[in-house]
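The values are calculated or read from the model by the stated rules, or taken from the named source; none is laboratory data. All of these numbers come straight from a predicted model, not from anything done at the bench. Note that we place each Cβ from the backbone using ideal geometry, even for glycine, and neighbour counts take in every protein chain shown. All accessible areas refer to the heavy atoms of the entire protein, side chains included, with ligands and DNA or RNA removed. Shrake-Rupley method; radii C 1.70, N 1.55, O 1.52, S 1.80 Å.
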Amino acid sequence: MSDEHRKSLTALVTGASRGIGRALVIELTRRGVSVFATSRDTSLLEALQAETGCAIASHDLLHPENAITAYREAVACFSSAPDVLVNNAGFNTRKTPITEATLEDFELQFAVNLRAPFLLCREAGRDMSQRGSGHIVNIVSTCALFSNETMGVYTTMKGGLRDLTKILAKELRPAGVKVTAVFPGGVDTEFRAQARPDYMRPESAAQLIADAIFAPDDVAVHDLVFRPMVESNF
């Protein structure tokens with residue numbers, strides 16, 4: 001990637017109003033990337049826009065048509081497909097054994113954690129393949145690397161996203177498109193009911209993800225795994 005191209009990179013980031021997504025938008029714009037940020041929270045997006053100058057659009061990815069709309073709006077904003085797609089949006093409705101999980105738990109987490117990334121990967125993959133360049137980054141979780149009781153539904157969806165990412169990496173490689181699966185361990189974000197200052201800061205995670213995006217042209221970061229010092233779940 002030439003220095004000039006690095007300065008003109010464009011990126012679509014979902015789940016951008018909080019946590020890793022917000023920190024990543026700040027980090028990418030600091031590095032000169034033009035970012036189109038989406039999330040459900042309009043007020044937080046507007047604050048992020050004021051801080052970084054990113055373009056924004058509010059979309060609830062529970063609805064499949066919103067994922068397609070968000071992608072098309074990003075294309076319109078940049079006048080071309082984004083150079084980078086970051087599927088960061090995700091949530092866990094509750095911790096519960098599979099035997100106590102409800103159909104609503106399953107369907108809500110499927111919609112945001114797997115279906116929305118699938119749709120965005122499909123749209124971006126088509127455009128990036130045609131162009132012959134691009135980078136898809138899917139934020140998975142270290143929970144997809146081990147079996148964690150009481151998080152069966154969430155782990156199932158993140159495991160699906162892990163496998164989707166690995167397949168995409170093979171399918172899109174011949175077209176010159178990079179695909180990265182990111183596996184963060186514990187991060188101290190609002191995703192958690194209680195603060196965990198012993199976990200990683202969102203800014204630390206964002207720096208590592210941005211480094212993968214800015215890797216040299218001859219390097220493909222397939223799996224990016226990182227954890228706080230207090231974790232050893234491997």
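A few notes on this one:
- Unmet criterion (only one of (1) farther than 24 Å from residue 213 by Cα; (2) buried (at least 22 other Cβ atoms within 10 Å of the Cβ)) for residue 65: (2)
- Hits in the stretch 28-58 (condition: over 21 Å from residue 214 (Cα atoms) and crowded, with 22+ Cβ neighbours inside 10 Å): 38, 39, 45, 48, 56
- Here 30, 94, 126 are screened, and the one residue that is under 23 Å from residue 204 (Cα atoms), over 16 Å from the mean Cα position of the chain (by Cα) and without any contact (Cβ under 8 Å) to a residue 24 or more places away in the chain is 30.
- Test: residue in the stretch 114-122 that is touching an Asp or Glu at 6+ places or on another chain (Cβ under 8 Å) and assigned to a helix (DSSP H, G or I): no
- Matching residues, the stretch 147-161, being open to solvent by 60 Å² or more (accessible area, probe 1.4 Å) and touching a Phe, Trp or Tyr at 6+ places or on another chain (Cβ under 9 Å): 156
- Scanning the stretch 167-181 for residues that are surrounded by 15 or more Cβ atoms within 10 Å (Cβ to Cβ) and either assigned to a loop (DSSP other than H, G, I, E, B) or out of contact with any Ser or Thr (no Cβ under 9 Å at 6 or more places or on another chain) (or both) yields one hit, 168.
- Failed item in (1) surrounded by fewer than 15 Cβ atoms within 10 Å (Cβ to Cβ); (2) closer than 22 Å to residue 34 by Cα, with residue 221 passing the rest: (1)
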